[in-house]
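I have placed the structure first, in the form of structure tokens, so that the comments after it can refer back to it.
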Amino acid sequence: MIPAMRPVIVAGNWKMHTTPHDAGELAVTIARRTHEPDVVRVLCPPYVCLAPVRDALAADPAGQDVGVGAQNVHDHLAGAYTGEVSAPMLRGLATWVIVGHSERRRDAHETDEHINAKVRRALEEGLRVILCVGEQLDEREDGHAETVVDRQIRRDLEGVELSHQRAAEGTWLTVAYEPVWAIGTGRTARGDDAARMAGTIRAALGDLGLPGGGDLTPVLYGGSVTSASIDEFLAEPSIDGALVGGASLKPDEMAGIVARAALTARARREATPPG
Ligand code: 13P
């Protein structure tokens, strides 16, 4: 595997935090503190903050290459779905979208079937998808973590087609491995566990026929990532960055995380043969 083929990505999931009043300023502060051209940066605020974040980033020189993402999307284009937001509605507001976050699997009872439909729709509508997968604590303790994640990948992505060209662009599909027991708990997985899971994820992507056998698909780690814990994950060549929750609301933390990610990105670039 040649990790240099894959980008290094730091995405912030702001979850249900910030308001339209303060989100733009926070986004710009983070953009200025994380100005690293080698790292793909993405901020995913709540729906109502997408426009202020987009506008604030566009107006600041440090913000113009920061991607904006939604935290969810509906699988239908339009219809009688009170409170929902479709992919066409996100056009011009977001270029990325998180799909299948464990908090939505838990709270909105999203099934792998729903998630599969959302991934297809989001890709059809030109969004870059960050698909979240991860096991529960009891599943890990019972030794089933890899089986669970393998099943999620196969069900969530079955029938999803990604042309070689889109895949080669690097970020149409990103998988975030987020062990549920590590989210918001201060407890992280070990780097080598995350790396092993990245192997499981890429093997499943290969079986599904994704271009490059999954080697072209970035795999991120998520779950209590901070500037202190990111190193363990980025030391693993199979991990391509992080999906950051709580720490993504703190500019100091994001500065540390992205600075560490930039070291990995530069090392990968230097390891790539020219041409
Ligand atoms: P925390 O970083 O707060 O644990 O959240 C992780 C997460 O769920 C990112 O999507």
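The values are calculated or read from the model by the stated rules, or taken from the named source; none is laboratory data. Not measured: the values here are computed from a predicted model. As a convention, Cβ positions derive from the backbone with ideal geometry for all residues, glycine included, and neighbour counts pool all protein chains shown. Just the protein is used for accessible areas: all its heavy atoms, side chains included, with ligands, DNA and RNA removed. Shrake-Rupley method; radii C 1.70, N 1.55, O 1.52, S 1.80 Å.
Things to note:
- Most to least accessible of Glu124, Glu161 (protein chains only, probe 1.4 Å): Glu161, Glu124
- Given the chain, longest segment not containing exposed loop trypsin sites (Lys or Arg not before Pro) (DSSP; at most 16 other Cβ within 10 Å): 92-186
- Protection proxy ranking of 235-247, 204-216 - average other beta-carbon atoms within 10 Å, highest first: 235-247, 204-216
- Segment Met5..Asp207, full-extension length gain: 70.7 nm, with 0.36 nm per residue of separation and the alpha-carbon distance subtracted.
- Long hydrophobic helices in the chain, taken as whole DSSP H segments with a C-alpha length of 20 Å or more on their own axis and mean Kyte-Doolittle hydropathy at least 1.0, are absent.
- Cα centre as origin, Lys/Arg/Asp/Glu Cβ charges: region 48-167 dipole, Debye: 480 debye
- For the chain, the residue among Gly69, Tyr221, His144 whose Cα projects farthest onto the positive side of the dipole built from Cβ charges is Gly69.
- Each helix, a run of at least 4 DSSP H residues, gives -39500 (n - 2.57); summed and divided by the residues of the chain, these come to -11500 deg cm²/dmol at 222 nm.
- Per DSSP, loop GluC sites (Glu not before Pro) in region 1-108 with at most 16 further Cβ within 10 Å: Glu84
- Accessible surface of region 8-270, 1.4 Å probe: 50 percent of it comes from carbon and sulfur atoms.
- Given charges at Cβ of Lys, Arg, Asp, Glu: region 8-270 dipole, positive-most of Gly24, Leu157, Thr200: Gly24
- Net charge dipole, the chain: roughly 520 debye, given to the nearest 20, about the Cα centre with Cβ charges of +1 for Lys and Arg and -1 for Asp and Glu.
- Alpha-carbon centroids, region 188-211 and region 223-266: separation in whole Å: 19 Å
- Charge-dipole axis of the chain as Lys and Arg at +1 and Asp and Glu at -1 on Cβ define it, positive-most pick from Val258, Leu123, Thr185: Val258
- Compactness of region 8-270 is given as radius of gyration and Dmax, 17.0, 52 Å, from Cα positions.
- Using a probe of 1.4 angstrom and keeping all protein chains present, the accessible surface of region 86-213 works out to 44 square angstrom per residue.
- Ranking by accessible area, most exposed first, for Val73, Val180 with a 1.4 Å probe: Val180, Val73
- Only protein heavy atoms count here; under a 1.4 Å probe, Trp96 has an accessible surface of about 10 Å².
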